[in-house]
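This report refers to the structure that appears directly beneath it.
The values are calculated or read from the model by the stated rules, or taken from the named source; none is laboratory data. All of these numbers come straight from a predicted model, not from anything done at the bench. Cβ atoms come from the backbone with ideal geometry, glycine included; neighbour counts cover every protein chain shown. With ligands, DNA and RNA removed, areas are computed over all heavy atoms of the protein, side chains included. Shrake-Rupley method; radii C 1.70, N 1.55, O 1.52, S 1.80 Å.
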Amino acid sequence: MDVNSEDGKQGLCLITQLPDDLLSLIYRKLFRVSHERSFRRTCRRFLYAAILSCECLDDVKTSTVLRNSYNRCESIVLGECLKRYMHFGSPPYMAALQLSFATITDNGLETLTKYANKLLTNVSLIGCQNVTDTGISLLKQNCPQLRALKMFSCIKVVGVRSEQGFSSTLTYLEADSHVLYPNGLLSGGGLEYLQVYHCGYLNENQRRLAAIGCAAIGSGIAKNLKILTFSKLFFVMDDCIIMKISKGCPYLQELSFDCCSGIGLPDWVSIGSNCQNLERLHVNKSGDLCDRGLLALGNGCKLLSVLYMTDCPKVTSQGKECFKIQRADVRILQIMGKEGFPTWTRV
């Protein structure tokens, strides 16, 4: 590029010598995704300019390539980018942070949450394999208004404990079974929506922790739960855990078992007897539901209106007919239904 120098002579200016604001303008003029990707990968300064060019936080959140590159930056670079970002017409705080499957570390997470002005409410860390218990503790410390947290498949998170308890504002949580310490993520007392997952192969210690965590759900610290889902828990449902949960979560309106085993007849009887506010029940590929268990649900759950039931081989056609006679007001849908989580939980 030819430019005029101070003495009036023409000289050569490299694009990397352009000011950040002009580089950001160039980035916004690109119209091909491949061009944007090449721009961001050219050098750190260009990546910095790309981040500054975003019109709003959703631009950062929805651009996977930018998000992942952004998270590889050092904490100092993240901080400087966010400082500048706040002056480019964007909101004065971040309400949601989408980092699923990103390479962010504890240090990067600390930097991001510090610049969120303590008003961050929704965070997704699904599959963030470099985040540890320390990062989750920093999240708790820096985000006192945290309302929704997704953090399953974070292989280095093994169980967050907190003497002061987790934030009481935490209303929605998705987590692996073995990280649910009684004095950790469940301890705030404000949980209304909880999704519990089984993440891959668990060793004996993790299985023990998973059983402790799931039992903690029914200990009274999660008594305000409205929706509870279990996914692929093939081993935890022993030691009367489901019975404890049915007694300790009296306000459950929706309960879901997806690919779970070990839920016996006493558990279904307990759900029928204690979950008096249950309106929707999902049972998918949970082979332990039988005719007697189905009738026990019908006898007890007076507010039950919809039963989603797929791949339950122990439930016979005769058992279904008896249930329909017993509870004509309940629709049995042989499909996988979607749980009724509020829209604000979708980080």
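Numbers below:
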read-out	value
Heavy atoms of LYS226: accessible area, 1.4 Å probe, square angstrom to 10	70
Region 211-331: translational diffusion in µm²/s, Stokes-Einstein, Kirkwood Rh over Cα pairs, 20 °C, 1.002 mPa s	153
Value of relative contact order over region 118-256, rounded to a whole percent, pairs C-alpha under 8 Å and six or more apart	19
Accessible surface of TYR181 - all protein chains present, 1.4 Å probe, nearest 10 Å²	40
Accessible-area ranking of HIS178, HIS198, largest first, probe 1.4 Å	HIS198, HIS178
Most to least packed among 331-341, 298-308 [average Cβ atoms within 10 Å]	298-308, 331-341
Translational diffusion coefficient (Stokes-Einstein; Kirkwood radius from C-alpha pairs) of region 188-258 at 37 °C, 0.692 mPa s, in µm²/s	268
Environment charge at CYS154 (Cβ cut-off 13 Å; Lys +1, Arg +1, Asp -1, Glu -1)	-2
Under 25 Å from the Cα of LYS226 - lysines, other chains or at least 8 residues apart	LYS140, LYS150, LYS244, LYS247, LYS285, LYS302, LYS338
Mean Cα-pair separation over length for region 278-347, i.e. relative contact order, pairs under 8 Å, 6 or more apart, %	37
